[in-house]
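A.B. asks: Below you'll find the structure I mean.
The values are calculated or read from the model by the stated rules, or taken from the named source; none is laboratory data. Everything numeric here is computed off the predicted structure, so don't read it as measured data. Positions of Cβ are backbone-derived with ideal geometry, glycine not excepted, and every protein chain shown enters the neighbour counts.
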Amino acid sequence: MKAIFKYTIAAMLCGAAVGVSAQNTNSGYFLDNYLYRYQMNPAFGNDKNFVSMPALGDLNVAVNGSLNLSSIIYNRNGHTVLFTNPLVSVDEVMSGIKDKNTIGSNIKVNVLSAGFKAFGGYNTVSINAVADVNAAVPGSLISLAKEGVTNRTYDIRDLSASAYGYAEVALGHSHEIKALPGLRVGANLKFLIGMANFDAYFNNAHLELGTDSWTATTNADIYANMGSFQYEHKISETSGREYVSSCNFDGEDSFGPNGFGVAFDLGAEYQWRDFTFSLAAIDLGFINFSDTKHASTNGDRTIETDAYVFSANGDVPNSFEDEWDRFTDDLENLYQLTDMGNIGSRSRTLHATLNVGVDYALPMYRKLHFGFLSTTRLAGKYTWTEARISANVHPVKCFSADVNLAMGTYGVGFGWMLNLHTTGFNMFLGMDRTMGECTKQFVPMNSNASVNFGINFPF
């Protein structure tokens, strides 16, 4: 049982240490003629009209995680081992683990986009598929998996996971404010179709493992919205109680519309002399999901080992057999969830993003400019921040590039972007976080990486 527990936690952490994501690359925020700047700040316009190549207009693939692989996987005697291996000391493992570890992935697939000049400004139409996945892993859980059962207290109530996916149709417009030269504002209106939603919370998970007795308390809830999703059940052999054993979402309507919502992007930029200041709030909105399937412990569940008194006399109420049955029944109660049924609709807000930027154009060579971008993802306990400085150059009409350095919740990262933009054809390639031998001296212990690629047709 101890070995199974250890390797189950190890598998969870390996997945947490590498979270796959895709989103608009921050490396392109200040880059000249990067067509998708409007998705990071709707005030930004483009010099030309454009239409994207379906599904390849803005393709991003990335890995992000505050838990580095080097804290979970080790090399010992030429072999790759998990942190649970006896050759890896407790102190070595815990030196790279925080009290609270969060992992976030924002996946955004651009299905089709177009931009055009009209109505006194610049307009965009985008169809996207979006998924937002987050998890929180407390350091005490990793400590418990590594140390095994020791005489101490573990508080793992911060263990949680959240995921939701939806399709969006976004309509954007930006234009200059003539009454205030240098000011440009913009907004995107997004119509959202919810596809799936999942939330799991350990509201209370407390273990007191003492010398003479153990006390364990759990309190957990799961909320799921996904078409024909249903909890499957089993009957406890000891108590006869029905509990949730797994889930099933097979069926023709497993994946389809399961809610509707609306969101807004708001942005502004102001040019003053050689500086351009920008501010944007992205994904201000909500989705109302229907048919919420709820499973819960239905309050706190507690077990105390000193509450059981075993007797060798088989004829008394606390005989060994009867008392053992009561103990195992209570132990099962700690983690067995009850199907609370369909509780109807449930609304959730989107995880919004706040971008604040400053761009400075070099007076003696205006084709070179420097930028500072602060990004904050507002997601409750999954919130993350990043500060990025960049150098952007536009040496010839058909080519622009930048290099940048970021620091934040997910550590230090080196990014870059190359952008080819001729009449009728645009292709860009970049990375917000670069992995490889050349970056190890600048970003050690970092397992994050990203790739951004797109093909579009400006006219």
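A.B. asks: Among strands (runs of 3 or more DSSP E) lying entirely in segment 40-135, which contain 2 or more residues that are out of contact with any Leu (no Cβ under 8 Å at 6 or more places or on another chain), among the polar types (S, T, N, Q) and within 26 Å of T349 (Cβ to Cβ)? Full working, then the answer.
C.D. replies: Working: elements: 50-52, 59-64, 73-76, 79-82, 100-118.
Answer list for segment 40-135: 59-64, 100-118.
A.B. asks: When you go through A163, A136 one by one, which is the residue that is under 21 Å from T385 (Cα atoms), among the hydrophobic types (A, V, I, L, M, F, W, C) and buried (at least 19 other Cβ atoms within 10 Å of the Cβ)? It would help to see each step written out before you state the result.
C.D. replies: On the way: A163 fails: buried (at least 19 other Cβ atoms within 10 Å of the Cβ).
Just one listed residue meets the conditions, A136.
A.B. asks: Moving on. Being touching a residue at least 12 places away in the same chain (Cβ under 8 Å) and either within 21 Å of G182 (Cα to Cα) or among the charged types (D, E, K, R) (or both) is the filter here, so list the residues in segment 363-391 that pass it.
C.D. replies: P363, K367, L368, H369, F370, G371, F372, L373, R377, K381, E386, R388, listed by residue number.
A.B. asks: Among the residues of segment 210-261, write down those that are at pLDDT 80 or above, among the small types (G, A, S) and in contact with a Gly (Cβ under 8 Å, 6 or more places away or on another chain).
C.D. replies: Result: G259, G261.
A.B. asks: Would it be correct to say that L429 is free of Cβ contacts under 8 Å to residues at least 40 places away in the same chain, part of a strand (DSSP E or B), of a type in the set (A, V, I, L, M) and within 19 Å of Y36 (Cβ to Cβ)?
C.D. replies: Details: free of Cβ contacts under 8 Å to residues at least 40 places away in the same chain: yes; part of a strand (DSSP E or B): yes; of a type in the set (A, V, I, L, M): yes; within 19 Å of Y36 (Cβ to Cβ): yes.
Here the answer is yes, as L429 does meet what is asked.
A.B. asks: Can you find a residue in segment 298-311 that is buried (at least 16 other Cβ atoms within 10 Å of the Cβ), modelled with pLDDT of 85 or more and touching a helix residue (DSSP H, G or I) at 6+ places or on another chain (Cβ under 7 Å)?
C.D. replies: So far as segment 298-311 goes, no, none of its residues is buried (at least 16 other Cβ atoms within 10 Å of the Cβ), modelled with pLDDT of 85 or more and touching a helix residue (DSSP H, G or I) at 6+ places or on another chain (Cβ under 7 Å).
A.B. asks: Inside segment 156-245, counting only strands (runs of 3 or more DSSP E) that do not spill past its ends, which hold 1 or more residues that are closer than 26 Å to K293 by Cα and more than 19 Å from the chain's Cα centre (by Cα)? Outline the logic, then answer.
C.D. replies: Details: elements: 160-176, 183-209, 214-225, 230-235.
So the answer is 183-209, 214-225, 230-235.
A.B. asks: Ok, one more. When you go through R348, R366 one by one, which is the residue that is closer than 19 Å to D199 by Cβ and among the charged types (D, E, K, R)?
C.D. replies: Values: R366 fails: closer than 19 Å to D199 by Cβ.
The match here is R348.
A.B. asks: Among residues belonging to segment 424-459 that are at pLDDT below 65 and hydroxyl-bearing (S, T, Y), point out the one that is farthest from the chain's Cα centre (by Cα).
C.D. replies: The extreme case among them is T439.
A.B. asks: May I pose another question? Output the residues belonging to segment 345-394 that are in a loop (DSSP other than H, G, I, E, B) and either hydrophobic (A, V, I, L, M, F, W, C) or surrounded by fewer than 19 Cβ atoms within 10 Å (Cβ to Cβ) (or both). Spell out the reasoning first.
C.D. replies: Applying the first criterion (in a loop (DSSP other than H, G, I, E, B)) to segment 345-394 yields 345, 350-351, 362-367, 379, 383.
Listed by number, the residues that qualify are S345, L350, L362, P363, M364, Y365, R366, K367, A379, T383.
A.B. asks: So which residues in segment 84-102 are under 28 Å from D132 (Cα atoms) and either in contact with a Cys (Cβ under 9 Å, 6 or more places away or on another chain) or modelled with pLDDT of 75 or more (or both), if there are any at all?
C.D. replies: Initial filter on segment 84-102 (under 28 Å from D132 (Cα atoms)): 96-102.
Hits for segment 84-102 are I97, K98, D99, K100, N101, T102.
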